[in-house]
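Colleague: I'd like to ask some things about the structure below.
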Amino acid sequence: MKMRKTKQEIIVPDVEVADAGAEGKAIVRIDGMVVFVPFVVPGDVIDLKIIKKKKNYAEGRALAIKRPSPLRVEARCPHFGVCGGCKWQTLDYAAQLRCKEQQVCDNLERLGHIDTSQMRPICGSDNIFYYRNKLEFTFSSKRWLNEGELRDENDPGAVGFHVPTVFDKVLPIENCVLQRDPSNQIRNALRDYALSHRLPFYDIRNHTGYLRNLVIRNTSTGQLMVIVIVAERNDELLNPMMEYLRVTFPEITSLLYIVNEKMNDSYTDLEVSTYSGQDFIVEQMPRYGGGNPLQFRINPKSFYQTNSEQAYKLYSFVAEFAQLKGTENVYDLYTGTGTIAQFLAGMCSHVTGVEYVEEAIVDARLNARLNGFDNCTFYAGDMAKVLTDDFVAANGRPDVVVTDPPRAGMHEKVVEQLLAIEAPRIVYVSCNPATQARDLQLLSAKYDIGRIQPVDMFPHTQHVENVVELILKEKN
Ligand code: SAH
């Protein structure tokens with residue numbers, strides 16, 4: 001391989017991008033070394049600059065795209081190339097799906113020693129733009145500068161997204177193609193209002209400024225929640241600003257604010273105040289097999305799957321693999337706000353949901369009541385501590401266990417307990433095929449792997465969900 005080496009930099013001309021890789025970056029292989037390169041797609045021929053060399057891999061940047069890949073498409077978003085959000089946007093969607101399938105296969109085969117020859121094709125998203133029902137924006141007194149740009153002392157900063165790995169600077173977002181209207185209009189209007197009224201954006205290093213964050217959530221039925229997060233209690237600043245939003249966007253059904261006087265941006269432990277409208281929105285989801293839709297009341301801090309249409313498809317695969325006939329006792333582990341539990345409740349005898357966020361369990365109970373289910377029980381607690389022999393004795397041995405753990409997968413103790421419980425059927429939903437593969441391998445001591453169904457919830461990102469059916473092996 002031809003390499004030009006100057007004092008500080010290594011440049012490799014005319015190399016072909018091999019693969020899509022971790023963190024949404026693509027992979028270039030040079031003399032056996034893997035180089036991660038953002039914003040290029042497999043098949044591109046590029047001039048590569050090596051930026052950072054580590055022991056087992058390197059980080060690089062494309063100086064020029066010499067020959068574009070046949071898989072390359074035009075980026076729809078004006079912020080592509082700087083914003084870290086949708087790194088696969090210039091890769092044709094069909095190719096994105098193939099990469100995600102490959103990611104699931106590679107992980108299950110290499111880490112789980114699982115035969116994936118019968119894996120089903122990935123279920124793609126019908127909408128590949130405007131699919132998110134929630135976005136969180138940050139106000140910062142420090143705008144992210146593009147290469148060569150100098151900081152202007154009078155620059156008020158920006159509202160938008162953090163640039164990856166930079167905690168104090170924000171990329172200004174003018175038009176994000178992930179959430180439907182009026183998401184962009186609300187963010188831009190609030191920004192312009194703040195600028196014209198001299199409301200300073202927050203400085204996360206020095207802890208000065210007023211406006212901190214903006215959260216926008218919408219539902220498929222047109223409900224709209226807007227949460228404005230400010231740094232201090234000051235009704236003279238707050239009220240006219242909230243009134244401006246209320247009057248300008250009458251479609252907002254839930255206009256809320258939070259005063260965050262803490263050092264960090266997380267607001268899960270803070271009080272939410274209502275300026276106007278209700279303090280929740282209600283999402284609807286079709287009922288599996290028909291009937292009136294399920295209703296899910298979503299509070300400002302509640303988790304709800306961010307791609308509502310794909311969530312229905314994901315849950316439908318869960319229902320299919322659960323094979324319920326009406327008499328089963330079901331456990332829904334890592335139930336969140338109890339959405340999978342309620343999706344299945346009409347098709348089985350009883351569902352028990354477990355989740356460690358107490359507020360989510362409060363929502364789960366409320367929603368089950370609203371949906372008319374009296375066969376759901378929800379517990380708040382850490383899975384490794386809750387799922388004990390006593391728990392099983394109290395709630396009955398499950399016929400089907402659905403488990404949907406966070407990215408880290410299941411705690412070893414939880415896997416051990418599942419092996420001890422010996423439910424005839426497990427449906428494992430995962431947002432991380434690597435930890436799923438690890439857990440599946442452990443479960444394969446007693447379970448056969450059945451159907452495998454990857455689902456794409458997040459087009460233009462490397463994220464992939466995977467649903468796996470496990471069937472208890474017959475005892476000899
Ligand atoms: N099944 C839900 C949520 C899945 S996300 C849905 O489809 O909406 C994973 C959930 O696991 C989150 O709600 C998270 O709060 C919860 N969780 C993470 N670690 C946990 C633990 N150790 N014990 C119990 N719940 C946990």
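Colleague: Taking Cα centroids, how far is the stretch 144-201 from the stretch 425-476 in Å?
Modeller: Cα centroid of the stretch 144-201 versus Cα centroid of the stretch 425-476: 40 Å apart.
Colleague: Turning to a different aspect of this structure: Enumerate the lysines that LYS54 could reach by cross-link, defined here as Cα to Cα under 23 Å, with residues fewer than 8 away along the same chain left out.
Modeller: Of all the lysines, those that pass the test against LYS54 - Cα under 23 Å, at least 8 places apart if same chain - are LYS2, LYS5, LYS7, LYS25, LYS87.
Colleague: Cross-link candidates for LYS142: which aspartates and glutamates have Cα within less than 14 Å, leaving aside residues fewer than 8 places away along the same chain?
Modeller: ASP152, GLU153, ASP155, ASP168, ASP203
Colleague: What accessible area, in Å² to the nearest ten, does a 1.4 Å probe give for PHE80?
Modeller: About 50 Å², ignoring ligands and nucleic acids.
Colleague: Between beta-carbons, use under 15 Å as the cut-off and find the net charge around VAL362, counting Lys and Arg +1, Asp and Glu -1.
Modeller: Its environment carries a net charge of -1.
Colleague: On a C-alpha basis, how far is the centre of the stretch 230-244 from the centre of the stretch 256-280 in Å? Whole number, if you could?
Modeller: That distance is 13 Å.
Colleague: For the stretch 281-289, just list the computed ³J(HN,Hα) in residue order, Karplus coefficients 6.51, -1.76 and 1.60, θ = phi - 60°, integers in Hz, with x standing in for Gly and Pro.
Modeller: Calculated HN-Hα couplings, in order: 10, 10, 9, 10, 9, x, 7, 4, x Hz.
Colleague: Still on this structure, please answer the following. Compute the FRET efficiency between GLN441 and GLU236 as 1/(1 + (r/R0)^6), taking r as their Cβ-Cβ distance and R0 = 60 Å, and round to the nearest 0.05.
Modeller: 0.50
Colleague: Using +1 on the beta carbon of Lys and Arg, -1 on that of Asp and Glu, and nothing else charged, what's the dipole of the stretch 134-282 about the Cα centre, debye to 20?
Modeller: Roughly 220 debye for the stretch 134-282.
Colleague: If you take the beta carbon distance between ARG246 and ARG407 as r and set R0 to 30 Å, what does 1/(1 + (r/R0)^6) give as a FRET efficiency, to the nearest 0.05?
Modeller: With R0 = 30 Å, the Cβ-Cβ based efficiency is 0.20.
Colleague: Indicate, rounded to the nearest 5 percent, the antiparallel portion of the DSSP beta bridges found entirely in the stretch 134-282.
Modeller: 75
Colleague: Give, as a single signed number, the net charge of other residues whose beta carbon lies under 11 Å from the beta carbon of GLN179, with Lys and Arg counted +1 and Asp and Glu -1.
Modeller: +3
Colleague: If you place +1 on the Cβ of every Lys and Arg, -1 on the Cβ of every Asp and Glu, and leave all else neutral, what size is the dipole of the stretch 4-67 about its Cα centre, to the nearest 20 Debye?
Modeller: 360
Colleague: Based on the mean of other Cβ atoms within 10 Å per residue, sort peptides 220-229, 152-161 so the most packed one is first.
Modeller: Answer by packing, highest mean first, reads 220-229, 152-161.
Colleague: So, one more: In the stretch 289-340, which trypsin sites (Lys or Arg not before Pro) are in a loop and have at most 13 other Cβ atoms within 10 Å, using DSSP for the loop call?
Modeller: Hits after loop and neighbour filter: LYS325.
Colleague: Another question, then. Could you tell me the calculated FRET efficiency between ASP31 and GLU147, based on Cβ-Cβ distance and R0 = 25 angstrom, to the nearest 0.05?
Modeller: That gives a FRET efficiency of 0.30.
Colleague: Continuing with this model, one more query. Tabulate in residue order the Karplus-calculated ³J(HN,Hα) for the stretch 182-198, using 6.51 cos²θ - 1.76 cosθ + 1.60 with θ = phi - 60°, rounded to whole Hz; enter x for Gly and Pro.
Modeller: x, 4, 5, 5, 5, 4, 5, 5, 5, 4, 5, 4, 4, 5, 6, 9, 6
Colleague: How far apart, in nm, are two points set 7 Å out from the Cα along the Cα-to-Cβ line at ASP106 and at LYS55?
Modeller: 2.1
Colleague: Please state the charge dipole magnitude for the stretch 190-241, taken about the Cα centre, from unit charges on C-beta atoms (+1 on K and R, -1 on D and E), reported in debye and rounded to the nearest 20.
Modeller: So the dipole magnitude of the stretch 190-241 works out to roughly 180 debye.
Colleague: If the cut-off is a Cα-Cα distance under 20 Å, which aspartates and glutamates reach LYS313, setting aside same-chain residues fewer than 8 apart in sequence?
Modeller: GLU101, ASP126, GLU283, ASP332, ASP404, ASP456, GLU465, GLU469
Colleague: Determine the percent antiparallel among the DSSP beta bridges restricted to the chain, to the nearest 5.
Modeller: 65
Colleague: Among the trypsin sites (Lys or Arg not before Pro) in the stretch 1-104, which ones are in a DSSP loop with at most 12 other Cβ atoms within 10 Å of the Cβ? Mind listing them?
Modeller: Hits after loop and neighbour filter: LYS2, LYS7, LYS54, LYS55.
Colleague: For ASN292 and LEU419 in one chain, what is 0.36 nm times their gap in residues minus the Cα-Cα distance, to one decimal in nm?
Modeller: 42.0 nm
Colleague: Now for a different question. In the stretch 188-265, what trypsin sites (Lys or Arg not before Pro) fall in a loop by DSSP, with at most 16 other Cβ atoms inside 10 Å?
Modeller: The qualifying sites are ARG198, ARG205, ARG233, LYS262.
The values are calculated or read from the model by the stated rules, or taken from the named source; none is laboratory data. All of these numbers come straight from a predicted model, not from anything done at the bench. No Cβ is skipped: glycine too gets one built from the backbone with ideal geometry, and neighbour counts run over all protein chains shown. The area values use the complete protein model at the heavy-atom level, side chains included, leaving out ligands, DNA and RNA. Shrake-Rupley method; radii C 1.70, N 1.55, O 1.52, S 1.80 Å.
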